[in-house]
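Below you'll find the structure, written out as structure tokens, and then a few comments.
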Amino acid sequence: NLVNGDLITIYPNPNNGEFAIHSTINVSLNILNGLGETVAKLNLSANTQQKIDLSNLANGIYFISGKTDHGEIREKIIISK
């Protein structure tokens with residue numbers, strides 16, 4: 001049960017490794033590389049916007065993943081410098 005829609009918003013996407021996430025719920029998220037390895041962890045509070053800096057990561061496709069009471073969050077981000 002994917003529930004991305006209204007729970008988290010990521011922008012800009014694609015990005016250069018720096019982006020913002022707006023969350024409407026308290027949630028812990030993992031950022032995974034293409035091999036499924038966790039490369040970063042985020043803890044977001046409800047109704048906040050957090051700036052994220054992953055510019056140390058290589059160009060590529062990453063996935064933001066987490067479980068909530070409402071279902072599973074899975075978003076794709078593209079880092080392109």
Handout entry: Size of charge dipole - the chain - debye, nearest 20, with Cβ of Lys, Arg +1 and Asp, Glu -1, no other charges
Key = 120 debye
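Starting from the Cα-Cα distance between Asn43 and Ile61, subtract it from 0.36 nm times their residue separation and give me the gain in nm to one decimal. Each step should come with its number before you reach the end.
Details: separation 18, 0.36 × 18 = 6.48 nm, distance 2.07 nm.
My answer for the length gained is 4.4 nm.
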Fill in the blank from the handout: Most packed first (mean Cβ within 10 Å per residue), the peptides 22-29, 39-46 order as 22-29, 39-46
Handout entry: Integer Hz, Karplus 6.51/-1.76/1.60 couplings in order for segment 62-79, x for Gly and Pro
Key = 10, 10, 9, 9, x, 10, 10, 5, 8, x, 9, 9, 8, 10, 9, 10, 10, 9
Exercise for the section: As a check on your grasp of the helix formula, calculate [θ] at 222 nm for the chain: sum -39500 (n - 2.57) over DSSP H runs of n ≥ 4, divide by the residue count, round to the nearest 500. Expected result: -500 deg cm²/dmol
Exercise for the section: Express in nm, to one decimal, how much length is gained between Asp6 and His70 on full extension, taking 0.36 nm for each residue of separation and deducting their alpha carbon distance. Expected result: 21.9 nm
Completion exercise
Bridge orientation stat for the chain from DSSP, antiparallel percent rounded to 5, came to 95 percent
Problem - Debye log10 I(q)/I(0) for the chain, one point scatterer per Cα, at q = 0.15, 0.22, 0.26 Å⁻¹ - result: -0.46, -1.02, -1.40
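What accessible area per residue comes out for the chain, rounded to a whole number of Å², with a 1.4 Å probe? Numbers along the way, then the final one.
Working: 4720 Å² over 81 residues.
I get 58 Å² per residue for the chain.
The values are calculated or read from the model by the stated rules, or taken from the named source; none is laboratory data. Keep in mind that what you see is a predicted model, and the values were worked out from it rather than measured. A quick note on method: Cβ atoms are made from the backbone with ideal geometry, for glycine too, and the neighbour counts reach across all protein chains shown. Side chains are part of the model used for accessible areas, which takes the heavy atoms of the whole protein and leaves out ligands, DNA and RNA. Shrake-Rupley method; radii C 1.70, N 1.55, O 1.52, S 1.80 Å.
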